[in-house]
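For reference, the structure is listed below as structure tokens.
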Amino acid sequence: MPKPVLTVYPARSVITMNPSLPRAEAVAVRGDRIVEVGTLTSMKPWLDAHEHKVDERFADDVILPGFIDPHLHPTMAAILLPMHFVTAMEWKLPWGTVSPSTTPEAFLNRVTEIEASTQDPEEPIFVWGYHQLWHGTMSRPLLNKINATRPIIVWHRSFHELYLNDGALQWLQITEAQAGNRKQIDYPNGHFFESGLGYAVNRLNPHILAPEKYAEGLERLKQVVHFGGHTTIADMATGLFNFDTEWLMLKQVIERDDTPFRVELVPDATRLRAAKGSNEEVLAFAKSLPAQNTHRLRFSDHIKLFADGAFFSQLAQLQEPGYIDGHHGEWITPPEILEDAMRTYWNAGFKIHLHVTGDLGVELGLDLLEKLQWERPRFNHGFTFEHFGFSTPEQIERIAKLGANVSANVYYLYELGDAYARRGIGYERASQMARLGACLANGITTALHSDFTMAPAEPLNSAWVAVNRINSQGIVMCAEERITAAQALAAITIDAARVIGRSDEIGSIRAGKKADFTILREDPLLADPMHIKDIPIVATVFEGRPFPIEPARS
Amino acid sequence: MTPLTVLGGYLGAGKTTIINGLLASLAQQNDNPRIAVLVNDFGAINIDAKLIRKHRGRTMEMTSGCVCCNIQDDLGGALDILRGESFEQVLIETSGVAYPAKVADYAVTWPGYRRGGTLVVVDALNIDRHKDDKFVGPLIKEQIAEADLLLVTKLDQLDCNQVQKLWDSLPKRAVRVDHGYCNADILLASTSNSIDTSKGKTANDHSDQFRTLAYQSDRVLDHCRLEVFLDELPEPVVRAKGWIHDSEGRWWLQSVGDRWTLELASAVPAGTSLVFIALANTPSDRTIDATLAGLEQALHRL
Ligand SMILES: [Zn+2]
């Protein structure tokens, strides 16, 4: 079989993320691989020796390594994305940018528009994004005014409460007799929260988790991932809902020729342990998974564990002095159980990704890692602190000395920085959340992730927050922990590749690596740092194949 | 409405042993109420399957849901399933790192259930170490602080001085549990139908740890006085339960340790029928009699 023709992409600039050759003018690709990066002149020996064509489509643009989100949840995204977004913050989605609805009237008007444009009168309408801070009070009568018979379900932005209209109550067969006088169901207002929420959710689940909905959601996720400029994502908890279903659906929807990205799958060991009974059985199962790998879907020797609770719910475990109101965070996994699990995977040579949100969670991870290093030292062990909300400067030093990585959701600072300063833990510690400057100063491999749907799946947006440390009120928080644009780009490319164990193949542009590129209209290293998130993404190239990106409708 | 008891406490305190002990002792007396046990733990579930079968009961496992959202709710799902199966009692064994009072608040507001008490198992041997632990100290203190009643295990492994010291340090009413045996009437919200009042004991009580008093009346109690009476239940009374007819309606009473609740009851037998269980061998051994007197007052001064 003849080797495929070389394709040369000249560009305004190529940012390689390879320190030995940081900038170039063109990249030559054969099949799914890069054969040479440099100038048209420097790559002449290749071009003289092989049939080639010069593809000018990116000649005015900037070529970067394909973006990598090392922590995202396709399953959660698949549930959320079929819903209508009516939100106080802007969301850029492939099918349109959601412009902010910041008043009660704007919220109801938007829901009314959605209702009016939905043809089938029986089709339920799911809305996500209500928040009382902007949208005022919500109630069953208000939704009934829009339409009392068609089911309308309004989710709070946090997912921790919801509202139903008459149609939805009837559709879900929630009657006054059953639910009328329960404390956490406000039946007249159709408001369900805490256990009341669980009650409604258990009735909604058959609909939102139905296979066809799930498939539709994954289709949308594919668009979102492409739209954000990714060519690789990691599913950082495969089995979060149900391992077999998720794996089956991923194979059906993602492993297709039209999918312009690959997925690294990291099994959720906490969830699996409940199903399998013991760490040893989960380990054996995890070891068996790579045999099932497909072209785009890959299991390897990475595993996910959980320490403390959700950051958005203020369940992060904190060291002294804790939360202002005195409440405590939660452990998702009891420390002893976590230790047993970590030891099992550590001794088997696995790369452990530990979900930590608070500084006490980080402390637990560090104590356990130190213990395991003492028992059985490992180098290049790939242990990664995931999320990394709160930490202390002293912990950063320990992370560096123990050889661990950090994968951070820096968007916390943007969305929650102001709120947590006022109503969480106070300004000092809130302003220092996602302490990334210190990580880089200590030489820690540091990546940025979205944990989508916890943050927008837009690497440039994450990079923008990390570079500017600006919160949703427009205020800079802790400028000392800002990182440079170059460091931020590394955190969404080569360092993200390191964190998921694939830096030998992806994450930078050099001869021999996969031809994965993200094409930008402007140069992020020369742009005004405040503009980084708005740089248009023109296309991606996945394994040598260009996939253009249409700008979103407003 | 099915009563729901939550049994919490840190890892290794003996929650599962207590549940197995309960199932075994009930089965021995051919008193086999239908009991469902919900277990939220990390790994193998050790509830004795043979015993559960004797109670035509069932064990359900829950895993903690998705950490970021509430789309998955195993506990609620389980409660929905169990509601359809008419159990007499549901027991939830929480995971060692759960806040049992929070689980109870969640579960008892689920349609079809009523409060049966939050009991927290305290590991006498390890409590001091656990309380000072950097990672779980605050959790364990909060578990204890929010419990209705404490069940203390492994006391037999301490000497007398240590036992006294521990007992003095406990912030609330506590019951001693030896070798996993805990009186069913302490654990369950339903009233045992076999109270031998002449002995001051229930059929379930094999030890001299408790004195039991049954109270029955056809007369209507005064609601305000009843509330005062419940607020002032003497310290050794660790449990009171049954149904009440008072000036404001008919109620289920659950009093567990420091907390009592009255829940509106529709389908209860007529009159008032209550059981009080108090620690025996305390300096105030006469409290049961005093309790009865208080109740008589609540009744007569209507
Ligand atoms: Zn996550």
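Before moving on, here are some points about what is shown:
- Counted residues, segment A:460-474 - those being free of Cβ contacts under 8 Å to residues at least 24 places away in the same chain and among the basic types (Lys, Arg): 0
- A:SER158 open to solvent by 40 Å² or more (accessible area, probe 1.4 Å), of a type in the set (Gly, Ala, Ser), under 14 Å from A:VAL86 (Cβ atoms) and out of contact with any helix residue (DSSP H, G or I) (no Cβ under 7 Å at 6 or more places or on another chain): no
- Condition check for A:THR333: within 16 Å of the ligand (Cβ to nearest atom), open to solvent by less than 20 Å² (accessible area, probe 1.4 Å) and more than 12 Å from chain B (Cβ to nearest Cβ): no
- Annotation note: of A:ILE492, A:ILE475, the sole residue that is open to solvent by 30 Å² or more (accessible area, probe 1.4 Å), modelled with pLDDT of 95 or more and away from the ligand (no atom under 16 Å from the Cβ) is A:ILE475.
- Hey, A:THR357 of a type in the set (Val, Ile, Thr) and within 16 Å of the ligand (Cβ to nearest atom) or not: yes
- Helices (runs of 4 or more DSSP H) (entirely within segment A:309-420) containing at least 1 residues that are at positive phi: none
- Among the candidates A:SER278, A:SER288, residue that is of a type in the set (Ser, Thr, Tyr), more than 16 Å from the ligand (Cβ to nearest atom) and within 14 Å of chain B (Cβ to nearest Cβ): A:SER278
- Of note, A:GLU386 satisfies the criterion of being acidic (Asp, Glu) and under 26 Å from A:SER431 (Cα atoms).
- Test: residue in segment A:83-97 that is away from the ligand (no atom under 16 Å from the Cβ) and closer than 30 Å to A:LEU40 by Cβ: no
- Among the residues making up segment A:305-324, those that are more than 10 Å from every other protein chain (Cβ to nearest Cβ), open to solvent by 10 Å² or more (accessible area, probe 1.4 Å) and either of a type in the set (A, V, I, L, M, F, W, C) or touching a residue at least 24 places away in the same chain (Cβ under 8 Å) (or both) are A:GLN314, A:TYR323, A:ILE324.
- Counting only residues that are in contact with a helix residue (DSSP H, G or I) (Cβ under 6 Å, 6 or more places away or on another chain) and either among the basic types (Lys, Arg) or within 8 Å of chain B (Cβ to nearest Cβ) (or both), segment A:200-216 holds 2 of them.
- Number of the condition not met by A:ILE174 [criteria: (1) assigned to a helix (DSSP H, G or I); (2) open to solvent by less than 60 Å² (accessible area, probe 1.4 Å); (3) within 12 Å of chain B (Cβ to nearest Cβ)]: (1)
- Within segment A:391-421, the residues that satisfy the criterion of being open to solvent by 10 Å² or more (accessible area, probe 1.4 Å) and within 16 Å of the ligand (Cβ to nearest atom) are A:ASN405, A:TYR411, A:GLU415, A:LEU416.
- Taking segment A:93-125 as the range and being touching a helix residue (DSSP H, G or I) at 6+ places or on another chain (Cβ under 7 Å), within 26 Å of A:TRP171 (Cβ to Cβ) and aliphatic (A, V, I, L, M) as the test, the residues that pass are A:LEU108, A:VAL111, A:ILE125.
The values are calculated or read from the model by the stated rules, or taken from the named source; none is laboratory data. Predicted model, so just to flag it, every value in this text is computed and none were measured. Because the Cβ atoms are built from the backbone with ideal geometry, glycine has one as well, and the counts that use them run over all protein chains shown. For accessibility, only protein heavy atoms count, side chains too; no ligands or nucleic acids. Shrake-Rupley method; radii C 1.70, N 1.55, O 1.52, S 1.80 Å.
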